[in-house]
Amino acid sequence: MKNIFKLFKHYSKLTLLPVLMMGIILSSCSDDIIDVAPYTSVSEASAFSTPSLIDLSVNGMYQAAQIGLFNGVGRGYPFGAAFVQQGDNRGEDVINLEAFYRITYQATYDPGTANNVYYWVDTYRLINRANIVIDGVTKAVAAGVITAAKGDDYIGEALYFRAIAHMELLFHFAKPYKFTSGATHLGVPYRDVPYTTLENIEIGTKQARNTVKECYDKIIADLDLAETKMITKDSRSGNSKITRATKEAAIAMKTRAYLHMGNWDKVITEGTKLNGKYTLTSSPNGPFLLSYSNTESVFSIEQSATNNPGVNAALASQYKTRLLVCISPIIWRDSEWLVDDKRRFENQTTTAPVIIANDAMVFSNGNKKFTNKYKDGSTYTDGAPVIRYAEVVLNMAEAYARKATPDLTNALTRLNLVRNRALAIPATQAHTALTLDTQTKMVNAILKERRIEFLMEGRRWPDIHRLQHETIGGISGIPAKLATGHPPATAFNLGTPYTGPYGEAAIPYSDFRFLWPIPSLETNANPTLAAQQNPGY
């Protein structure tokens, strides 16, 4: 153990080793990147020696997904808050009002930018925790410490996190699946062994980037296996139906993965498995009124008053209390977002202090529009919505519409399933087979619905990323957006689409800034990755 610790100290600036330390998965709370106490207080040999210690290790994996670290302070990387905030601020449907997200918003990052560094570091930290759980639980089952059924569920949860964490990295550090024929371009290193031995650590310090195809093949394989091993949501109780990974969550994530791969038939096949398992809430606000007990949320990261990403990261802190990011007039004034759509519903007092009703989906402050999806601005207990059934439904709608022989009937049914619940008068406002009578019209309507439905949920960047190579609804590069700062009240006036000014010019797809750089602390330690740095950095 002393020799291992010496190695950890020697490589204290290397992402791989801090991320991979055995001890960091054993604590149910986040600690410093190099934290010796958990490692020395619970040894590798005993970490999976009792059911309670195994449960602690699995909880530590969830904690890694929820909290993350930024210079020793929790910032919600990757799934506690950061995936929402970074996914929003890389797109054009929000405005960064202050300095907090400026680097992401303006695409001025470099290999040393702290946000990008910790997004990489903490996501791989989660991946390593997952790998250690898989290895440790497998051995514990063989030793008779826990039952095979219990072990399978734990392993399935770890496989789920390993898959979705690698997919999240691909969205930011690699070009989309369709960038090359066969997706043979560079993805990210797919790490599937636990880095708890000197031998594995040595392998990890030399690991190259897998191709994007290899990454997605592994993601699908992990999710397929997770589906077979995990129990169903109905076998869990209370909040854990939503806040613990389930068989259904693995299936839902496969619809997302296959959508990015452009495998329309597989999106439909996987989505069909969830028929009857979930229903959309009657109101578009339903998943946010009852974060942990609704019929629509498939998987969310649980937050509590005593365990959340904190004032510098929690969703309600950033989007509601501190007012760091508002809705952009670009989407707010879009003519396809009907004026009386319930997702615009705003119900608040007009005198200070402003009181925002829980059933409101937006609120005004200084004549700007803000999301009210994250409602607890005091103790930050809102769940982070990793995936909702509404996304599965729209994934299927798009897949039906994009098939070589499009099925516009099924596409329309699913599009309206999501859209109609937000309409004031569905009987007259719903899309019809006459209004969406071509593949192009249908796909574009679905894509617009995604922007409205998932506004301020972090889904805009992944859609921008995957749409670079689509012939229908395609996007070239990063769209133009309003400048960082506070736009005039007139910018939010409804009635006509927003046409400018745009303070942030569009970034071409060919521009190196479309991708984030691999952090220099990683490339400095791994010459293989140094030679595979994203161009331009």
Pairs with Cβ under 7 Å, 6+ apart, first in segment 150-166 and in contact (Cβ under 8 Å) with a residue 24 or more places away in the chain, second crowded, with 24+ Cβ neighbours inside 10 Å and among the hydroxyl-bearing types (Ser, Thr, Tyr): ALA165/THR123
In segment 139-174, residue surrounded by the fewest Cβ atoms within 10 Å (Cβ to Cβ) [restricted to those that are outside any helix (DSSP H, G or I) and more than 17 Å from the chain's Cα centre (by Cα)]: GLY144
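Could you identify the single residue in GLY204, GLY187 that is at pLDDT below 95 and surrounded by 22 or more Cβ atoms within 10 Å (Cβ to Cβ)? Spell out how you get there, then give the answer.
On the way: GLY187 fails: at pLDDT below 95.
Step by step, each of GLY204, GLY187 is checked, and only GLY204 is at pLDDT below 95 and surrounded by 22 or more Cβ atoms within 10 Å (Cβ to Cβ).
Can you pull out the residues in segment 481-496 that are part of a loop (DSSP other than H, G, I, E, B) and loosely packed, with under 11 Cβ neighbours inside 10 Å? I'd like the intermediate steps shown before the answer.
Looking only at segment 481-496, we keep the residues that are part of a loop (DSSP other than H, G, I, E, B), and these are 482-488, 493-496.
Within segment 481-496, PRO488, GLY495, THR496 qualify.
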Selected residue (only one of ALA404, ALA411 is assigned to a loop (DSSP other than H, G, I, E, B), farther than 24 Å from SER300 by Cα and at pLDDT 95 or above): ALA404
Condition met for LEU417 (more than 30 Å from ASN308 (Cβ to Cβ), out of contact with any helix residue (DSSP H, G or I) (no Cβ under 7 Å at 6 or more places or on another chain), among the hydrophobic types (A, V, I, L, M, F, W, C) and surrounded by fewer than 18 Cβ atoms within 10 Å (Cβ to Cβ)): no
Scan of segment 420-443 for residues that are surrounded by fewer than 17 Cβ atoms within 10 Å (Cβ to Cβ) and within 20 Å of VAL392 (Cβ to Cβ), ordered by number: ASN420
Count of residues meeting criterion [touching a His at 6+ places or on another chain (Cβ under 9 Å) and either buried (at least 23 other Cβ atoms within 10 Å of the Cβ) or charged (D, E, K, R) (or both)] in segment 99-123: 3
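For (1) among the small types (Gly, Ala, Ser); (2) surrounded by 23 or more Cβ atoms within 10 Å (Cβ to Cβ); (3) touching a residue at least 12 places away in the same chain (Cβ under 8 Å), each residue gets a yes or a no:
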| site | (1), (2), (3) |
| --- | --- |
| THR211 | no, no, yes |
| LEU225 | no, no, yes |
| LYS233 | no, no, yes |
| ALA249 | yes, yes, yes |
| MET253 | no, yes, yes |
| MET261 | no, no, yes |
Scan of segment 456-475 for residues that are farther than 19 Å from GLU391 by Cβ, modelled with pLDDT of 95 or more and in contact with a helix residue (DSSP H, G or I) (Cβ under 7 Å, 6 or more places away or on another chain), ordered by number: ILE472, GLY474
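Does at least one position in segment 174-191 carry a residue that is more than 29 Å from GLN86 (Cα to Cα) and in contact (Cβ under 8 Å) with a residue 60 or more places away in the chain?
Residues of segment 174-191 more than 29 Å from GLN86 (Cα to Cα): none.
No, every residue in segment 174-191 fails to be more than 29 Å from GLN86 (Cα to Cα) and in contact (Cβ under 8 Å) with a residue 60 or more places away in the chain.
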Subset tally (residues that are touching a residue at least 12 places away in the same chain (Cβ under 8 Å) and either small (Gly, Ala, Ser) or surrounded by fewer than 17 Cβ atoms within 10 Å (Cβ to Cβ) (or both)) for segment 278-293: 6
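Restricting to segment 193-210, name every residue that is more than 16 Å from TRP120 (Cα to Cα) and part of a loop (DSSP other than H, G, I, E, B). Reasoning before the result, please.
Applying the first criterion (more than 16 Å from TRP120 (Cα to Cα)) to segment 193-210 yields 193-203, 206.
Correct list: VAL193, PRO194, TYR195, THR196, THR197, LYS206.
Residue-wise test of (1) acidic (Asp, Glu); (2) surrounded by fewer than 18 Cβ atoms within 10 Å (Cβ to Cβ).
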residue	(1), (2)
GLY276	no, yes
THR295	no, yes
GLN303	no, no
ASN308	no, no
ALA313	no, no
ILE327	no, no
ASP340	yes, yes
ASN347	no, yes
ASN358	no, yes
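From the list ALA252, ALA221, which residue is touching a helix residue (DSSP H, G or I) at 6+ places or on another chain (Cβ under 8 Å) and not in a loop (DSSP other than H, G, I, E, B)? Before you say what the answer is, go through the steps one by one.
Working: ALA221 fails: touching a helix residue (DSSP H, G or I) at 6+ places or on another chain (Cβ under 8 Å).
None of the other options fit; the residue is ALA252.
Considering only segment 522-537, state which residues are buried (at least 20 other Cβ atoms within 10 Å of the Cβ) and either free of Cβ contacts under 8 Å to residues at least 40 places away in the same chain or assigned to a helix (DSSP H, G or I) (or both). Outline the logic, then answer.
In the first step, residues of segment 522-537 are kept if they are buried (at least 20 other Cβ atoms within 10 Å of the Cβ); the result is 522, 526, 529.
Those that are buried (at least 20 other Cβ atoms within 10 Å of the Cβ) and either free of Cβ contacts under 8 Å to residues at least 40 places away in the same chain or assigned to a helix (DSSP H, G or I) (or both): GLU522, LEU529.
The values are calculated or read from the model by the stated rules, or taken from the named source; none is laboratory data. Computed from a predicted model, the values in this text were never measured in an experiment. We place every Cβ from the backbone using ideal geometry, glycine too, and count neighbours over all the protein chains shown.
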